[in-house]
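The values are calculated or read from the model by the stated rules, or taken from the named source; none is laboratory data. Quick caveat, the model's predicted, so the values are computed rather than measured. Positions of Cβ are generated from backbone atoms using ideal geometry, with glycine treated the same way; all protein chains shown enter the neighbour counts.
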Amino acid sequence: MDHRARPYRSVLYIPASKARALEKAQTLPVDAIIFDLEDAVAVEEKENARHLLAETLAEKDYGARAKIVRLNGFDTEWGLADLDVVAAAKPEAVLLPKVNSAADVEALAAKLDARPETAETTIWTMMETPLGMLNAAEIAAAPRMAGFVMGTNDLAKELDSRFRADRLPMQTGLGLCLLAARAYGLVAVDGVYNAFKDEAGLKAECDQGRDMGFDGKTLIHPAQIAVANSAFAPSEAELDLANRQIIAFEEAEASGQGVAVVDGKIVENLHVATARQLLAKAEAIQAIAAE
C-alpha cells in the first residue's frame, strides 16, 4: 500500500497541552499536524494534555489536514496512558518516538489491534537513533506502518555530530530511511529546522530534502509553513514538463513511433509514470487549498 496519495509538504508540531495552539491549528495552511504529547509537554502537564487532546480530536474539525498523535514512549510511565485516553478519539495515526526495531512497532500494533476504536489507525515512527537507521527496512515493513518522521536533533545528539548547513553527518541515516520508506510505500518527512526566523536557511534545507526525495518537512513554527509548502510542491516548470512528456509519449505511441523526445531527451514509461504522479500531487494540493 502506498500512503503517499495525499500531500505532506508541511507537518507542524503542536503541543497537545496548549488549547490556543490546538485551536489555531484548525486555520493553518498545513498538510499535516503532529499533536505532540512527548517532547513539547512538560512532565506536570502530561495527564491534562492527553485529556485535552482527546477532547479536541473528538470535537474539532481539522479538515483535510492529516492528524498524527505523537505518544510518549512505552518505556515511560506516560505512553500506555496516552494511548488509552487518545484511542477513544479514533486517531488517524499515532507516532512512536525513538523506534529502534520492528519489535517496537509490533508492540504498538498489538495494542491498536486490541481496541476496536483504533481499527483504522496507522503507525508512524520517529527515526532518530543509530539503531533505528540501521533497522529502517524492517521497521518500514512492520504492521500498520504508514510513515517515517526524521528526528534529526536526536540523531545529531546520538552521533555527536557537529552542525553543518549541508547536513553531511545526516546523509547516511536520511538515505537509509528514504530507501526503506520508498521500498515499502511509506511517507518520509524530513527533520525540523531549528532557526525558525532564518527563512533562507530553512529554504535551503527544504530544497535539499526535496532533492533527496522527502515528501515534506516537519516544522516547529507556523512562520515556516509557506516555505515548506512551496519547496515541496511541484513547480510550474515541473508541471509544464510533465504535461509535455505525457503528450509526447502518447503521440509517439499513437503514431507507432518507438521513441518520444522532449527538450532533446528521450521519454520512457518511467518518465510518464513520474509525470502522472507529479500532476496527481498538484491536484491533491489544489484540493486542499480549495477547502
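Here is how the numbers come out for the structure above:
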read-out: Criterion (surrounded by fewer than 16 Cβ atoms within 10 Å (Cβ to Cβ) and out of contact with any His (no Cβ under 9 Å at 6 or more places or on another chain)) met by exactly one of A237, A282; value: A237
read-out: Residues of the range 160-194 classified as farther than 21 Å from L95 by Cβ and surrounded by fewer than 16 Cβ atoms within 10 Å (Cβ to Cβ), total; value: 11
read-out: Candidates A5, A66, filtered to the one that is among the small types (G, A, S), touching a residue at least 40 places away in the same chain (Cβ under 8 Å) and outside the structural domain of C177 (by TED's automatic domain parsing); value: A5
read-out: Test: residue in the range 138-157 that is over 18 Å from the mean Cα position of the chain (by Cα), assigned by TED's automatic domain parsing to the domain that holds I220 and part of a loop (DSSP other than H, G, I, E, B); value: no
read-out: The range 54-73, subset aliphatic (A, V, I, L, M) and either assigned to a loop (DSSP other than H, G, I, E, B) or over 12 Å from the mean Cα position of the chain (by Cα) (or both), residue surrounded by the fewest Cβ atoms within 10 Å (Cβ to Cβ); value: A58
read-out: Candidates K281, K203 - the one that is over 18 Å from T152 (Cα atoms), in a helix (DSSP H, G or I) and within 20 Å of the chain's Cα centre (by Cα); value: K281
read-out: Whichever residue in the range 270-291 is of a type outside the set (A, V, I, L, M, F, W, C) and at pLDDT below 90 and, among such residues, is nearest to P29 (Cα to Cα); value: E291
read-out: Residue within the range 148-162 that is among the basic types (K, R) and either touching an Asp or Glu at 6+ places or on another chain (Cβ under 6 Å) or closer than 23 Å to F74 by Cβ (or both) present; value: yes
